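Contents: one structure, followed by commentary.
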Amino acid sequence: MVIITGKDLTIEEVVQVARYSDTVALAEEAQHAIQKARAYVEEKLAKGEVIYGLTTGFGEFQKVFVSPKNARTLQHNLIISHSCGMGNPMPLEVARAMLLLRINSVSKGNSGLKLSTVQLMVDMLNRGVTPFIPEKGSLGASGDLALLAHMVQPMIGVGKGYYKGELMDGREAMTKAGLPIIELESKEGLALINGTQAMCAFGVLAYYDAMQMAKLGDVLAAMVCEAQLGIRKAFDPKIQQVRGHKGQIASAANLRKLTAGSKLTLEENPNPAIVKVQDAYSVRCTPQIHGGIREALTYVEGVLSREINASTDNPLVFPDEDEVISGGNFHGEPVAIALDTLGIAVAELADVSERRLERLVNPTLNYGLPAFLCKKGGLNSGFMIAQYAAASLVSENKIYAHPASVDSIPSSANQEDHVSMGTTSARTARMIVDNTRAVQAIELFGVCQALYLRGEEKISPAATAVYKCVREAGVPAVDEDILMRPEFVKCENLILEGKPLQAVEEVVGPLA
């Protein structure tokens, strides 16, 4: 069970709830903070004070006073009018992450929701009700308004939702789960839809997968180093220390650990049968390339870890200071820039993966392996088109990696005249992560074929663990042409489940 305090939610906990359905509960301190903020909001309303979003319209309609007697209608209309999402539905894990992140944000006690409203969202997560949320329609300021509005729909008995994975009317999903339909009170609708939870939901899951894939990148690079009869000296710690980047140092340490015990790699002196003093960049510069990617991911982790524990709606209430302050914490710029960085970094992970695959299949670059890793070339094509597929995905990533955060477009009669486009950054980052996983899956299949051709008895204990993992999953060594896609998919599923990393770490210990 994940206990929500509003202060210390971790990326790993988000993944556990969103992807693996861990349950959630509100900490006592969070309940107290929520109740205190709500009491303060009701006190202000009782005094008849004019406060944005409580007794006024929204955006450009901030100048229009709304009577307290129309508070419920105002909040209901806010959800209905703002539910303008388009495109395909979010994956269920992303929608669940959104719901969790909104719960955590309002649990800080600066939003003014009723405790019963927050508890209803907790119950939705725990009982398998997931809102139907389209992927597109957010400018990333004022937060993810349109998408968060869709998140609220089942709570008020409209729209669509999933109950235990089955799509139905939102009201029906709530009824099947034994949950009530509610009417939103003053401030509640605004507090639910002003925030960065859509971009963070996409971003957290993409970041988590990217970190696993960065470690797997070291594993694949080490296996390719063996298949390429590579020179391990390039991973010497002295080289890494004189540059000083932590990511590079960590990647090189992994590569030394992963290639230990190999009968194929060389420590320093070139094999007399091969005229080679140093390897190509895609092998020799792995610590520098993967290290740069790791440094970028470390930055992304910091931004996301702060944002998922932030108050991001507007206005924010501060009961102890007796203030209601209108500001701009909903603006997604910090997250947008970080997630554009994530996409760029992961695109590079795919880029170098495809280059290593090319060196394995190209007979002028693979140091004696058969052309396209195929024993009977000509009659068979082997891994020729496998490299094409990887190259296609890498090229597609280059389009997605264009940063969305450098764009802006004015909205709400130019009141909201600069926006972050952070949710576009998040969605494209996820697409890049998905493409990169597919590229790594193709490389995994290919490098296992190359090591099969070199001789399984010569490879390192780490490579042996991965090799066995792949073969036990039913991915065969290839002597004659077969349907390739099913084997790619098997490898991709192994990566999604984390099995190659688990197999390696059982042999060599945790990777950095």
Report summary line: Residues of region 419-431 being open to solvent by 10 Å² or more (accessible area, probe 1.4 Å) and either at pLDDT 95 or above or over 25 Å from the mean Cα position of the chain (by Cα) (or both), in sequence order, are THR424, ARG427, THR428, ARG430, MET431
Requested in this report: Within region 73-110, work out how many residues are open to solvent by 10 Å² or more (accessible area, probe 1.4 Å), in contact with a helix residue (DSSP H, G or I) (Cβ under 9 Å, 6 or more places away or on another chain) and in a helix (DSSP H, G or I).
Outcome: 9
Query raised in the report: Which condition number in (1) within 30 Å of GLY137 (Cα to Cα); (2) at pLDDT 95 or above is the one that ALA413 fails?
Result: (2)
Query raised in the report: Just one of the numbered conditions (1) open to solvent by 30 Å² or more (accessible area, probe 1.4 Å); (2) under 27 Å from VAL204 (Cα atoms); (3) at pLDDT below 95 is not true of GLY368; which one?
Result: (2)
**Report entry** Residue check for ALA250: over 24 Å from LEU99 (Cβ atoms), of a type in the set (A, V, I, L, M, F, W, C) and within 28 Å of the chain's Cα centre (by Cα)
**Finding:** yes
Requested in this report: Kindly provide the set of residues from region 349-364 that are more than 16 Å from the chain's Cα centre (by Cα) and either open to solvent by 50 Å² or more (accessible area, probe 1.4 Å) or under 16 Å from ALA438 (Cα atoms) (or both), ordered by number.
Outcome: ASP351, VAL352, SER353, GLU354, ARG355, ARG356, LEU357, GLU358, PRO363, THR364
Query raised in the report: Any idea which residue in region 280-297 is most open to solvent (accessible area, probe 1.4 Å), counting only those that are out of contact with any Leu (no Cβ under 6 Å at 6 or more places or on another chain), of a type in the set (A, V, I, L, M) and under 24 Å from TYR208 (Cα atoms)?
Result: ILE289
Report task. Select from region 176-189 the residues that are at pLDDT 95 or above and in contact with a strand residue (DSSP E or B) (Cβ under 9 Å, 6 or more places away or on another chain) and write down the one among them that is most open to solvent (accessible area, probe 1.4 Å). Result -> LYS176
Query raised in the report: Taking region 299-309, which residues are surrounded by fewer than 20 Cβ atoms within 10 Å (Cβ to Cβ) and either closer than 17 Å to GLY328 by Cβ or at pLDDT below 95 (or both)?
Result: ARG306
Query raised in the report: When you go through (1) modelled with pLDDT of 95 or more; (2) open to solvent by less than 30 Å² (accessible area, probe 1.4 Å) one by one for ASP434, which number turns out not to apply?
Result: (2)
**Report entry** Enumeration of residues in region 127-149 that are touching a residue at least 60 places away in the same chain (Cβ under 8 Å), in a helix (DSSP H, G or I) and either touching a strand residue (DSSP E or B) at 6+ places or on another chain (Cβ under 6 Å) or open to solvent by 20 Å² or more (accessible area, probe 1.4 Å) (or both)
**Finding:** LEU145
Query raised in the report: Has region 84-93 got at least one residue that is over 23 Å from the mean Cα position of the chain (by Cα) and within 26 Å of ALA310 (Cβ to Cβ)?
Result: yes
**Report entry** Residue satisfying condition, being touching a helix residue (DSSP H, G or I) at 6+ places or on another chain (Cβ under 9 Å), of a type outside the set (A, V, I, L, M) and surrounded by fewer than 16 Cβ atoms within 10 Å (Cβ to Cβ), within set GLU416, GLU456, GLU443
**Finding:** GLU456
Report task. Check ASP144, ASP169 and return the single one that is farther than 30 Å from GLU505 by Cα, within 26 Å of the chain's Cα centre (by Cα) and of a type in the set (D, E, K, R). Result -> ASP144
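For (1) charged (D, E, K, R); (2) at pLDDT below 95; (3) in contact with a Leu (Cβ under 8 Å, 6 or more places away or on another chain); (4) under 25 Å from THR73 (Cβ atoms), each residue gets a yes or a no:
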| position | (1), (2), (3), (4) |
| --- | --- |
| LEU120 | no, no, yes, yes |
| ALA149 | no, no, yes, yes |
| GLU172 | yes, no, no, yes |
| THR196 | no, no, no, no |
Query raised in the report: Within the group ILE459, ILE482, ILE442, which residue is under 26 Å from the mean Cα position of the chain (by Cα) and more than 22 Å from PRO91 (Cβ to Cβ)?
Result: ILE442
Requested in this report: Give the residues of region 425-455 that are touching a Ser or Thr at 6+ places or on another chain (Cβ under 8 Å) and either among the polar types (S, T, N, Q) or free of Cβ contacts under 8 Å to residues at least 40 places away in the same chain (or both), sorted by residue number.
Outcome: SER425, THR436, GLN440
Requested in this report: Could you tell me which residue of region 380-403 is most open to solvent (accessible area, probe 1.4 Å), considering only residues that are over 24 Å from LEU342 (Cα atoms) and in contact (Cβ under 8 Å) with a residue 12 or more places away in the chain?
Outcome: ILE385
Report task. Taking the options GLY302, GLY292, name whichever one is among the small types (Gly, Ala, Ser), in a helix (DSSP H, G or I) and over 30 Å from LEU148 (Cα atoms). Result -> GLY292
Report summary line: Residue pairs within 8 Å by beta carbon, gap of at least six or interchain, first lying in region 307-329 and part of a helix (DSSP H, G or I), second of a type in the set (A, V, I, L, M, F, W, C) and open to solvent by 20 Å² or more (accessible area, probe 1.4 Å), listed first then second, are PRO319/ALA39
Report summary line: The residue from VAL277, VAL317 that alone is within 30 Å of TYR388 (Cα to Cα), out of contact with any Leu (no Cβ under 8 Å at 6 or more places or on another chain) and at pLDDT below 95 is VAL277
Query raised in the report: Mind checking which residues of region 6-32 are in a helix (DSSP H, G or I) and either open to solvent by 20 Å² or more (accessible area, probe 1.4 Å) or of a type in the set (Phe, Trp, Tyr) (or both)?
Result: GLU12, GLU13, GLN16, ARG19, TYR20, GLU28, GLU29, GLN31, HIS32
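The values are calculated or read from the model by the stated rules, or taken from the named source; none is laboratory data. Here the structure is a predicted model, which means the values were calculated and not measured. FYI the Cβ positions are ideal-geometry reconstructions off the backbone, even for glycines, and counts take in every protein chain you see. With ligands, DNA and RNA removed, areas are computed over all heavy atoms of the protein, side chains included. Shrake-Rupley method; radii C 1.70, N 1.55, O 1.52, S 1.80 Å.
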